[in-house]
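Peer 1: The structure that follows is given in the form of structure tokens.
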Ligand code: FES
């Protein structure tokens, strides 16, 4: 079982949830990816000790577990922010000023694309297209889409997300 220096209930709950996930996939072939997905759902990302634990329990070499976790973009090996900002840098958004939007966010939050603020409030990502080209320049925060943004409006939007 993964260990943690904090002894709070949240940790216990996560460990129990991981145990339940493991029981669900016991003796199931191809369980690694669904279990990594469940572990990420539980922990918010894939801590190294959780991958080691799954490696041991599934009797799969850690190198394979790590290889799968790093191959698929859906898996995250670092903690993620409570709010995920996705700035579109596709052609339509690029032409309409996505660079300025991205720059204002980076300067305001002090992080680059792919990074998370130290307080875990935001994770910043860039994407090739959000499917909202008519609203360019566009971004998403979690499941909310915002379009025809200016840098100033963008920063106002972000303040709503605690
Ligand atoms: S290019 Fe930005 S939403 Fe499509």
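Peer 1: Name every residue in the range 1-25 that is modelled with pLDDT under 85 and not in a helix (DSSP H, G or I), in order of residue number.
Peer 2: Once the filter is applied, which keeps residues that are modelled with pLDDT under 85 and not in a helix (DSSP H, G or I), the range 1-25 yields 1, 2, 3, 4, 5, 6, 7, 8.
Peer 1: So, one more: Filter the range 129-147 down to the residues that are within 13 Å of residue 99 (Cα to Cα) and part of a loop (DSSP other than H, G, I, E, B) and list them by number.
Peer 2: Step one: filter the range 129-147 for residues within 13 Å of residue 99 (Cα to Cα), giving 136-139.
136, 137, 138 - these are the residues of the range 129-147 that are within 13 Å of residue 99 (Cα to Cα) and part of a loop (DSSP other than H, G, I, E, B).
Peer 1: Scan the range 88-104 residue by residue and report those that are under 16 Å from residue 145 (Cα atoms) and in contact with a helix residue (DSSP H, G or I) (Cβ under 8 Å, 6 or more places away or on another chain).
Peer 2: Those that are under 16 Å from residue 145 (Cα atoms) and in contact with a helix residue (DSSP H, G or I) (Cβ under 8 Å, 6 or more places away or on another chain): 88, 89, 90, 92, 93, 101.
Peer 1: Quick one: which of 64, 59 is modelled with pLDDT under 95, over 21 Å from residue 157 (Cβ atoms), away from the ligand (no atom under 15 Å from the Cβ) and assigned by TED's automatic domain parsing to the domain that holds residue 31? Spell out the reasoning first.
Peer 2: Details: 64 fails: modelled with pLDDT under 95.
Testing whether each residue is modelled with pLDDT under 95, over 21 Å from residue 157 (Cβ atoms), away from the ligand (no atom under 15 Å from the Cβ) and assigned by TED's automatic domain parsing to the domain that holds residue 31 leaves just 59.
Peer 1: Of all residues in the range 103-144, which are within 16 Å of residue 74 (Cα to Cα), surrounded by fewer than 15 Cβ atoms within 10 Å (Cβ to Cβ) and near the ligand (Cβ under 9 Å from one of its atoms)?
Peer 2: The answer is 128, and nothing else.
The values are calculated or read from the model by the stated rules, or taken from the named source; none is laboratory data. All values derive from a computational prediction rather than experimental measurement. Note that we place each Cβ from the backbone using ideal geometry, even for glycine, and neighbour counts take in every protein chain shown.
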